[in-house]
Structures are given as structure tokens and as C-alpha cells.
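To start, the structure under review is shown below, and the notes come after it.
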Amino acid sequence: MNESSNSKKVVDSPSAGDTPGLSPRRFVGKGRVIRATFVFIVLLGLFYAFFHSPSSETPGWRPYLRVHARIVTEILNFLGSDVHLDDTTVIGPGFAMEIVRGCDAIEPVAIYAAAVIASPVRIMARVLGVLVGSVVLVFINWVRLVMLYFVGVHWRSVFDILHESIWQAIFIGLAIVFWAIWVDWALRPKKAANDGPA
């Protein structure tokens, strides 16, 4: 009877290999949601304060935007479009599209990264989440820019609403969806440990 009781205590007690912050209960409990929300708001506030400040208007953005414009130009030429690049402007027959700040996916990446960094899980899980999610969002942004170019060439009347409204909403939604997928992934090691042999 004593052995059975001791065994139950061992099973119920956390093992030495458990990592704090990976349990779903720990993720949402003990004020973690409030702290995570606070950190998320602070990080996003700092980003927007810098992004919309005069200090962010530096020549250093030009090479960064030029990289995006170059990649979009190469993709369009690969797809058969006859376009060339002038600084950060993709120029084709009858249509030109300038890549400016806001066209580089930095805002949805910042929202996603802030949500990941604020989440109460392991540091390495957060690092991997930020890196992988940011790369995917940037790749999707290149797809978006290529699609917008074709829309500008063939359906100019819907270019502005697609660029300024629809895609903005889609990107915010994607940032939230990617964060939810990442949270599920970050919690799996703990679930697997609980499902294993005692």
C-alpha cells in the first residue's frame, strides 16, 4: 500500500526534465497571459514609435528596400515579364511599381515577432519561432508584390484597394495564424513528455 502511494506521488510530481513554460496550464496560468499581453503591447509600441519617428527616415532603408525590389524583379522576369529595376522601382511595359517602406513585410513581421517573444516558453523555441515565421512572412510578401504587379498591369482599377486594404488585413491575419501554429508547436514537447511512460 505504501509502495502504491509512493508511486502515485512520483507520477504526480513534476519530473526533473520538465521545462517551465511549456505546459498548456502554465502557458495560460498564474498571470502569464497578462504579462505576455503587457510585453506584447510594449514591444509593439516601441516598434511603432521608432517606425513612425523621424529617426527611422535614414538612407539605410534604401539598400534594404532595393533587395526586395531586386528579388521581385528577378521573379517577374523568371515568370516571363519584361521588367527592369530602377533603384527601388520595378518598371515594366505600361506599369511601374515602387517598393517603399511598408511594402517590405516589416509590420506583420514585427507583430508576429512581438507575439512570439512575449510568449512564456523556452528561449530557443522563441528564437526559432521568430526566425522561421519571419522568413515565411517575407517570402509571402514577395508573392504578394509579384501578384500586385500583375494586378497593376491587367486590373489597375483594383490595385489600390488590394494593396492598401485587402492585403494589409490578410497579412495581419497571417501573423496571428502563424503565432497560433507556433504556440501549438512550442507546447508539443511537454505534451509528448506527459504522454510517455511514467
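Descriptive notes on the structure:
- Where labels lie 7 Å past Cα in the beta-carbon direction, separation of R35 and Q168 in nm: 3.5
- Since only W179, F78, V100 are under comparison, the one whose Cα sits farthest along the positive direction of the charge dipole of the range 23-191, derived from C-beta charges on Lys, Arg, Asp and Glu, is W179.
- Cα gyration tensor shape of the range 38-195, rounded if a/c is under 1.5, else prolate or oblate by comparing a/b with b/c: prolate
- Extended-chain gain in nm, criterion 0.36 nm per residue less alpha-carbon gap, V138 and I91: 14.8 nm
Every number in this text was worked out from the coordinates using simple rules, so none of it is lab data. In this text the structure is predicted, and so the values were computed from the model without any measurement. Neighbour counts run over all protein chains shown; Cβ positions are idealised from the backbone, glycine included.
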